[in-house]
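The values are calculated or read from the model by the stated rules, or taken from the named source; none is laboratory data. Here the structure is a predicted model, which means the values were calculated and not measured. Quick reminder, even Gly has a Cβ in these numbers, built from the backbone with ideal geometry, and neighbours come from all protein chains shown.
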Amino acid sequence: MTSTEPSTPPGPDAQRDTAAPRGIGAAFLGALLRPPSASRGRFILAMCVALAADLLFWWLGEAIPVVADFAVAFVLALCLGGFSVELLGAFVAEATPGIGLFPTWSVAVPILWARANAARAAAKRSAGPPVRLPER
């Protein structure tokens, strides 16, 4: 600032910044709530990983450490283009003793697929046909 005038805070009539909240917490929450943007092939790969993990975890029972759940969550997040609330719920269920025998990874991936398809359909509906301006 090259001016020697003291800066005054804006008054109550000044325009406020109405943008989305900033910060690490808001960005993290926004990333969790955003639907995945993976292709069909990546969803198929994620479903194969989820089925293999659930089958292996069911076969080995409760002998699997939580680190294996971390690894599956990481691989699924890589396949789907980011972590999401559904994967967080599946991870918590898999890490809970007794509930981990339920195929939660195989349930979470189709839910993500449906959510991504709904988001794509909503984006197509909201885009609508192109608007033509009248010629002068």
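Cβ-Cβ contacts under 7 Å between residues 6 or more apart (or on different chains), taken from a first residue in the range 73-102 that is in contact (Cβ under 8 Å) with a residue 40 or more places away in the chain to a second residue that is of a type in the set (Phe, Trp, Tyr), are listed as Gly100/Phe57; Leu101/Trp58.
Okay, residues lined up against (1) at pLDDT below 85; (2) in contact with a Phe, Trp or Tyr (Cβ under 8 Å, 6 or more places away or on another chain); (3) assigned to a helix (DSSP H, G or I):
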| position | (1), (2), (3) |
| --- | --- |
| Gly89 | no, no, yes |
| Ala93 | no, yes, yes |
| Val109 | no, yes, yes |
| Ala114 | no, no, yes |
| Arg125 | yes, no, yes |
| Glu135 | yes, no, no |
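Pick from the range 23-73 the residues that are under 18 Å from the mean Cα position of the chain (by Cα) and not in a helix (DSSP H, G or I): which of them is modelled with the highest pLDDT? Only one residue tops the list, namely Ser39. Against the list (1) out of contact with any Asp or Glu (no Cβ under 6 Å at 6 or more places or on another chain); (2) part of a helix (DSSP H, G or I), the condition Gly82 fails is (2).
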